[in-house]
Every structure is written in C-alpha cells, then in structure tokens.
Amino acid sequence: MYGYAGPRTVVLEGNPGEGRFVAATGTDHKVTGILGWNMAKAVRQHRLHLAEGTPRSAMTTELDL
C-alpha cells in the first residue's frame, strides 16, 4: 500500500474475489492511498493518483470494504 487508508475504497483494476486487484482509497475529496494485491506493476502505475492529487470522485466502481 502507498499512502493512507481512507473511508472510501474504489477498485480500479482486477477483482478482489479473484485475488488480484488495485484499489484507490480516500476521502470524498482526494485519493489518499493505493492498495494492490498480486498486481505490483499496476499499483506502481496507479500511485500517480497520489502524486497528482486526483479527486476520489473521479474514480469509479466504489466498493464498501
């Protein structure tokens, strides 16, 4: 995981049920963390959301964990 866990989580790639995924976590205002499982390359690519301050609202497919 890069960054910090927030109250909202959005799956960006993969499927947690299949054991491979990348998710963005954050507040209603911005992405605060990127979490991945068995998708290291995709995690590194998506951590740009942290550096760029991407609004979490720009992400799709919210998942309640």
Provide the packing ranking of 15-21, 32-38, 1-7, i.e. peptides ordered by the mean count of other C-beta atoms within 10 Å per residue, highest first.
32-38, 1-7, 15-21
Taking 8 Å as the Cα distance limit and 6 or more residues as the minimum spacing, I'd like the relative contact order of the chain as a percentage.
36 percent
With the dipole of the range 2-63 defined by +1 on each Lys or Arg Cβ and -1 on each Asp or Glu Cβ, the option from 55, 39, 19 whose Cα lies farthest towards the positive pole is 39
Give the whole-number value, in cubic angstrom per residue, of the convex hull volume spanned by the C-alpha atoms of the chain.
69 Å³
Rounded to the nearest 500, the 222 nm mean residue ellipticity computed for the chain from DSSP H runs (n ≥ 4, each -39500 (n - 2.57)) alone is -4000 deg cm²/dmol
Distance in nm between pseudo-label sites at residue 40 and residue 27 (7 Å out along the Cβ direction from Cα)
3.3 nm
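Rule-based calculations on the coordinates, nothing more; no lab input. Bear in mind the structure is a predicted one, so any value in this text is a computation, not a measurement. So basically every Cβ, Gly included, is an ideal-geometry build from the backbone, and we count neighbours across all protein chains shown.
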